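**Q** Before anything else, here's the structure in question.
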Amino acid sequence: MDGPTPERALAQSIVERLRAYGHTAWFVGGCVRDLLLGRKPKDYDVATSAPPDEVLRLFPRSEPVGAHFGVVLVHENSACVEVATFRSDFEYRDGRRPEGVRFETDPREDALRRDFTINALMMDPFSGEVLDFAGGREDLEAHIIRAIGDPERRFREDHLRLLRAVRFAARLGFEIEQSTLEAIRALAPAIQRVSAERVRDELARILTEGGARHGFELLDTAGLLRDILPEVAAMKGVQQPPEFHPEGDVWTHTLMMLEGMRNPTIELALGVLLHDVGKPDTFRVADRIRFDGHVEKGVEIARGLLGRMKFSNAVVESVEELIANHMKFKDAPRMRESRLKRFIRMPDFEEHMELHRLDCVSSHGSLENYEFVRRKQKETPPEQLKPDPLITGKDLIAAGYKPGPMFGVVLSEIEDAQLEGVIATRDEAMAMARERL
């Protein structure tokens, strides 16, 4: 049987040491929730009656990360555990954090100032005893996300909790309790007052932690989607040609793709979410429903949306590539050999493949083009996908040609001929260059 993780071992040793010095200490929050659900916690938090200066004294390898709020991070090798002093909060004025806190010795006071009942549970790591002051165990068993106390008050205190409720429900496969959901609907516009970075991080977790479809359905039901991602909300009701999309409108198609994802990177998840974001603006009915230029429009919209949400340039560029190339698979069987090889050797091509696969299985169901490209990948050795160049610009200069824009054009044509199998030697490449230059 596997022993405890380094994080759990460290957390247990922290509880043991705090208790040895006369303090109360318990596992708290997400780790308790996950343990009771039979899930492996990602990290461990400890709540204690010991004031922060005592925690810092007892654990030399520690640092205050929220001294004003009584939070200390304790390190040991690669593991770290957050230790927080029991507290009650003063009034919240900025929709993010309290004006101040009062350190407490009663764990009940600490539990009842938290966000959701399932996150207010405390556990003795040695006996398994659970402290439940808010009905969290009952809500865990009922698969419910419920705010502690008055839901509107909880969400006015910290507006990000509006999104956190959705994230927990998505990740755990839970539903949001009715009065909590109604409070989210009532206060949904307040999410616009939360920093783009905090919203971005919550959305990224909704997209990648599992249950992305459930998460986005809840964002829509709770009224948050139109305030955070109006470009995605615009997909609702945008019909598609039934011969290609029997599943329904663009929103339904996107939800089905989100549901099909398995442990996606954030780039792939955003690519799935936004691959058809250009369709609402390009919808028209001619001989059938058409979306002329939706790829280019989608790239443009995605660039603005992801920039607004402060995603890194690297993420933005990767998502743009996924959107820009997602329709090229239908042309793969008719591509020239050189173009097909260039397509297959694109960076992160497996992300493109997975986006295309999800696109197909969430619409017409045919994987013919996907399987064609996969066969071509397997049949083509890497050295044929990206062979060493037969000549370079230096060779052209040595042959007496003056550098200029034509160099790039000619070298690209030579590589095409090499990929097509038309030429295979340096002499043939130089002959082709002389002819073109």
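**Q** Among the residues of segment 118-129, what is the count of those that are over 18 Å from Leu172 (Cβ atoms) and either part of a loop (DSSP other than H, G, I, E, B) or open to solvent by 20 Å² or more (accessible area, probe 1.4 Å) (or both)? First the steps, then the outcome.
**A** Initially, segment 118-129 is screened for residues over 18 Å from Leu172 (Cβ atoms), giving 122, 124-129.
Subset that is either part of a loop (DSSP other than H, G, I, E, B) or open to solvent by 20 Å² or more (accessible area, probe 1.4 Å) (or both): 124-129.
The number of residues fulfilling the criteria is 6.
**Q** Being surrounded by 15 or more Cβ atoms within 10 Å (Cβ to Cβ) and either over 47 Å from the mean Cα position of the chain (by Cα) or in a helix (DSSP H, G or I) (or both) is the filter here, so list the residues in segment 414-437 that pass it.
**A** Ile414, Glu415, Asp416, Ala417, Gln418, Leu419, Glu428, Ala429, Met430, Met432, Ala433, Leu437
Residues checked against (1) crowded, with 21+ Cβ neighbours inside 10 Å; (2) touching a strand residue (DSSP E or B) at 6+ places or on another chain (Cβ under 6 Å); (3) over 22 Å from Glu354 (Cα atoms):
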{"position": "Gly223", "(1), (2), (3)": "no, no, yes"}
{"position": "Ile228", "(1), (2), (3)": "yes, no, yes"}
{"position": "Val232", "(1), (2), (3)": "yes, no, no"}
{"position": "Asn263", "(1), (2), (3)": "no, no, no"}
{"position": "Leu273", "(1), (2), (3)": "yes, no, no"}
{"position": "Asp281", "(1), (2), (3)": "no, no, yes"}
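**Q** Scan (1) touching a Ser or Thr at 6+ places or on another chain (Cβ under 8 Å); (2) at pLDDT 95 or above for the single condition Met123 breaks and write down its number.
**A** Condition not satisfied by Met123: (1).
**Q** With within 30 Å of Ser62 (Cα to Cα) and surrounded by fewer than 14 Cβ atoms within 10 Å (Cβ to Cβ) as the only criterion, which of Asp106, Asp132 stands out? Walk me through it before giving the result.
**A** Numbers: Asp132 fails: surrounded by fewer than 14 Cβ atoms within 10 Å (Cβ to Cβ).
It is Asp106.
**Q** Scan (1) of a type outside the set (D, E, K, R); (2) under 20 Å from Val272 (Cα atoms); (3) part of a helix (DSSP H, G or I) for the single condition Gln192 breaks and write down its number.
**A** (2)
**Q** Does segment 392-413 hold any residues that are in a loop (DSSP other than H, G, I, E, B) and among the polar types (S, T, N, Q), and which are they?
**A** Of everything in segment 392-413, just one residue is in a loop (DSSP other than H, G, I, E, B) and among the polar types (S, T, N, Q), namely Thr392.
**Q** Does Val277 count as farther than 28 Å from Gln418 by Cβ and either in a helix (DSSP H, G or I) or open to solvent by 20 Å² or more (accessible area, probe 1.4 Å) (or both)?
**A** Details: farther than 28 Å from Gln418 by Cβ: yes; either in a helix (DSSP H, G or I) or open to solvent by 20 Å² or more (accessible area, probe 1.4 Å) (or both): no.
Spelling it out, it is not the case that Val277 is farther than 28 Å from Gln418 by Cβ and either in a helix (DSSP H, G or I) or open to solvent by 20 Å² or more (accessible area, probe 1.4 Å) (or both).
**Q** Please give the strands (runs of 3 or more DSSP E) falling wholly within segment 2-93 in which 3 or more residues are within 23 Å of Ala134 (Cβ to Cβ) and modelled with pLDDT under 95.
**A** Of the strands (runs of 3 or more DSSP E) lying wholly inside segment 2-93, those with at least 3 residues that are within 23 Å of Ala134 (Cβ to Cβ) and modelled with pLDDT under 95 span 87-89.
The values are calculated or read from the model by the stated rules, or taken from the named source; none is laboratory data. It should be emphasised that the depicted structure is a prediction, and the values quoted were computed from it without experimental measurement. FYI the Cβ positions are ideal-geometry reconstructions off the backbone, even for glycines, and counts take in every protein chain you see. What goes into the accessible areas is simple: the full protein's heavy atoms, side chains included, and nothing from ligands, DNA or RNA. Shrake-Rupley method; radii C 1.70, N 1.55, O 1.52, S 1.80 Å.
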